[in-house]
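Worksheet: the structure to be examined is printed underneath.
The values are calculated or read from the model by the stated rules, or taken from the named source; none is laboratory data. As the structure is a computational prediction, the values presented were derived from the model and not from experiment. Positions of Cβ are generated from backbone atoms using ideal geometry, with glycine treated the same way; all protein chains shown enter the neighbour counts. SASA here: full protein model, heavy atoms, side chains in, ligands and nucleic acids out. Shrake-Rupley method; radii C 1.70, N 1.55, O 1.52, S 1.80 Å.
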Amino acid sequence: MLVINNLKATISGKNILKGISLKVKPGEIHAIMGPNGSGKSTLAAVLAGREFVEVTEGTVTYLGKDLLSMSPEERAKEGIFLGFQYPIEIPGVSMVNFMKTAVNEHRKHKGLDPLSASDFLKLMREKKEMVEIDSKLANRSVNEGFSGGEKKKNEIFQMAMLEPRLAILDETDSGLDIDALRIVANGVNKIKRPDNSFIVITHYQRLLDYIVPDVVHVLYDGRIVKTAGKELALELEEKGYDWIKKEVENSILA
Amino acid sequence: MNGKSETTEKYLKLYHDNIDKISDNSAPYLNSFREEAFGRFSELGIPTKKDEAYKYTNLSLFFDHDYASYFIPDAADFEKAEEFRCDISDMDTHGIVLLNGFYPTINEKLRQLPSGVWIGSLNAAAKKFPEIIEKHYGKYAHTDTDGLVHLNTAMASDGIFVYVPEGVILSKPVQVVNLVQAEVDSFSQHRNLIIVEKRAEFSIIICDHTLSPKKFLTNAVTEIFVGEDAHFDIIRVQNEHNAACKITHTFIHQERNSVASSNNMTLHGGLIRNSTYHYLGGEGAESHSFGLFLADKWQHVDNFVNVDHAFPHCTSNQLFKGVLDDMSTGTFNGRIYVRPDAQGTLAYQKNNNILLTDDAKMDTKPQLEIYADDVKCSHGATVGQLDGDALFYLQSRGINKREARLMLMFGFAHEVIQNIKIEPLRDRMDNLVMQRLRGELSRCASCMVKCG
Ligand SMILES: Nc1ncnc2c1ncn2[C@@H]1O[C@H](COP(=O)(O)OP(=O)(O)OP(=O)(O)O)[C@@H](O)[C@H]1O
Ligand SMILES: [Mg+2]
């Protein structure tokens, strides 16, 4: 589904991603962990098409296509979804109007007619229930005045509305209380199908109790320095990152 | 007359040549103000960029021009206006049409609505209700600096009159459709007076339109009295063509515990200047001043707001926004004046602008003059581009860049529109603004009025 090959990227001339390779197959869940500032969000931004990150080397192939040549909206319509670490507040733009436009753009891309107003509202209701989001939130402006946790739930709600093939969730679990965490995880599990995939960026092993990853990667200083099964998350929880940093330094010295 | 600009001289002459004719048709009380106002005008003259309050607005383009008509009323003009017919369409309002500053009906110049509300021609009202007029006319339009207000007092002979008696709640708004239509370049001045007595509730919508493609200049003054515990809203929808210049001066006088709002929605127009004066003249009064403009090409939109906190425990709030495309320009000048006695004042001001091109330009200036100690005041102004993070957020959900930009601009504008309390008007404004942003709107006359 997604093949990243030796990806290097800079922000304002500073090297942030220093050669990342990663393969995600349909139906897989990959977790990416790693210390603050290691480049996790930057990787997500490159995949979603953020312009201020400049790709200097490497390729990204998504469903056989060159992802890097596509605009952010094309990527979205081809099934990529980014759950933002810091969702943006957009005063004056209602959630309803936002989602209606987005859903209909997706439908147009698939050659489908726009949803009627009543069908759309039905879809909204269904998905709201599915991710247990407060009904009132959907009547407000996009993320405006939402609490940290509400914003994160809203990302999952949007994901449920758009049914992506590859969802990249950037710390969607941060700032959630225990119940919200369970809801978010359930949301992911309900959407999960054999043909769609997830990249879950997180700092906490507890999310991975609910969303069980097939693979766990550790990103450190712009590189994936360790890849293993879900037990790696437990090990990190216990021991922190120091031992990995040491391993990396030793391998450079060696 | 010493050292007057040529332009000012022209208007002095206009007054001298026509004052007899103007006075003949007008109620005596309106006439009693003319000479003094003319004196003040001849001192102050037509504002130039040297006047602080007009620093970024060049009026000379319109005031230097020689108009073929100055709408000095003649009996024949009233008859001509009488031939004009206009229905205000689908909004549920009490409608009034003002044509080139006149009330275009001879037979029914004043109409009584249920519960004793009167709407109609100011000139007719000044003859019929001298005691009401004498209490309010000329009492609120105070300015030491703006000669145009005095020019209006000296020469205007008609306009809209509304009287809402004590305790009356008019659930339907009054909608004034202010039309300019002439076959020659024209200058018109009209004068409105709105009286909302104690505990009354009333809202008025004023729609400005130009119907023929000539050069037009309008200089209008509106005086509004909002009595104790009364509620009042005025919403202006300005949609004129690029060769039209509209200057409005709105003076809102508020008594104790009254709540009033003004909302200037400028969709289109060549040069627009709206001066809004809020006088908080009694404890516990609350005023809101809103404005939104969308400008492109060479358009220029200037909003000037003066909030005068004259009594304790009043609240004022200003929210003005502008979207500027092409090489359009805009100005916001918001003054908050808190007098020494006005303790417990709350005063807020916000002015946000989006420049869509490098050539568009916005000047924004808060002016705070606070002479009381116990005052909470905040103000903020921004001039910038569309928020790149928000744009990306929308795009990342599959919305193309053009549409995402439109949504952001619309959202930006909607923050002002959402303050309109009349729901059908709010929805209509949303639509008109969306059309305007899409570049589909040349004028909204066709959807507001049906003329024939
Ligand atoms: N817009 C930007 N301008 C300059 N530097 C940036 C920008 N965005 C990110 N960086 C830098 O890139 C590096 C990687 O940041 P990134 O946000 O990808 O880290 P992260 O792994 O997601 O961290 P966290 O766990 O704290 O979210 C950091 O050093 C950060 O300061
Ligand atoms: Mg991050």
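So who's got an amide H within less than 5 Å of the one on B:GLY269, skipping anything under 5 residues away but keeping other chains? H placed 1.01 Å off N, in plane.
B:GLU240
Can you list residues from other chains, or at least 5 along the same chain, whose modelled amide H is less than 5 Å from the amide H of B:ALA342?
Placed amide hydrogens put nothing under 5 Å from B:ALA342.
Which whole-number value in Å² is the accessible area per residue of the protein assembly as shown, probe 1.4 Å?
It amounts to 40 Å² per residue over the protein assembly as shown.
So if we plug the beta-carbon distance of B:GLU283 and A:ASP113 into 1/(1 + (r/R0)^6) with R0 = 51 Å, what FRET efficiency do we get, rounded to 0.05?
Efficiency for this residue pair is about 0.30.
Could you give each residue of region B:120-136 its phi-based ³J(HN,Hα) in whole Hz, using Karplus coefficients 6.51, -1.76, 1.60 with θ = phi - 60°, and x for Gly or Pro?
In residue order, the calculated couplings are x, 7, 5, 4, 5, 5, 5, 7, 7, 10, x, 5, 5, 4, 5, 6, 10 Hz.
With a 10 Å radius around each residue's Cβ, average the other Cβ atoms per peptide and rank B:192-201, A:233-242, highest first.
Output ranking for B:192-201, A:233-242: B:192-201, A:233-242.
Where a ≥ b ≥ c are the square roots of the eigenvalues of the C-alpha gyration tensor, would you call the protein assembly as shown rounded, which needs a/c under 1.5, or, failing that, prolate if a/b is larger than b/c, or oblate?
In terms of gyration-tensor shape, prolate.
Buried accessible area for the B:A pair, summed, 1.4 Å probe, in Å² rounded to 100?
2100 Å²
List the equivalent ellipsoid semi-axes of region B:6-280 in whole Å, largest first, each obtained as the square root of 5λ for an eigenvalue λ of the Cα gyration tensor.
27, 21, 19
Go ahead and run the numbers for FRET between B:TRP298 and A:VAL3, Cβ-Cβ distance against an R0 of 45 Å, rounding to 0.05.
Result of the calculation: an efficiency of 0.30.
Give me a comma-separated list of calculated 3J(HN,Hα) values for region A:3-18, in order, Karplus coefficients 6.51, -1.76, 1.60 applied at θ = phi - 60°, integers in Hz, x for any Gly or Pro.
Once θ is set to phi - 60°, the couplings for region A:3-18 become 10, 9, 10, 6, 7, 10, 8, 10, 10, 6, x, 8, 5, 10, 9, 10 Hz.
Debye sum, Cα scatterers, region A:168-254, no solvent: what log₁₀ I/I(0) at q = 0.16, 0.20 1/Å?
Listed by q, the Debye log ratios stand at -0.69, -0.98.
Per residue of A:75-81, count partner chain C-beta atoms within 10 Å of its C-beta, then hand back the mean as an integer.
3
Using modelled backbone amide H atoms (1.01 Å from N, in-plane), which distant-in-sequence or interchain residues come within less than 5 Å of B:ASP233's amide H?
Counting only residues 5 or more places away or on other chains, the set is B:PHE202, B:SER203, B:ILE204, B:SER261.
Out of all DSSP beta bridges with both ends in the protein assembly as shown, state the antiparallel percent to the nearest 5.
Around 20 percent antiparallel, to the nearest 5.
For peptide A:132-144, what's the mean number of Cβ atoms from other chains within 10 Å of each residue's Cβ?
That works out to 1 on average.
Which aspartates and glutamates does B:LYS350 reach when only Cα atoms under 19 Å apart count, and residues fewer than 8 places away in its own chain are ignored?
Counting by Cα, and skipping residues close in sequence, B:LYS350 has these aspartates and glutamates nearby: A:GLU89, A:GLU144, B:GLU286, B:ASP302, B:ASP308, B:ASP363, B:GLU369, B:ASP387, B:GLU415.
As a quick test, which of the pairs B:LYS246/B:LYS421; B:LYS215/B:LYS246; B:LYS214/B:LYS246; A:LYS127/A:LYS153; A:LYS40/A:LYS226 have an alpha carbon distance above 18 angstrom in this structure?
Exceeds cut-off: B:LYS246/B:LYS421.
Using only helices, what value at 222 nm comes out for chain B when you add -39,500 (n - 2.57) per DSSP H run of length 4 or more and divide by the total residues, to the nearest 500 deg cm²/dmol?
Helix-only estimate at 222 nm: -7500 deg cm²/dmol.
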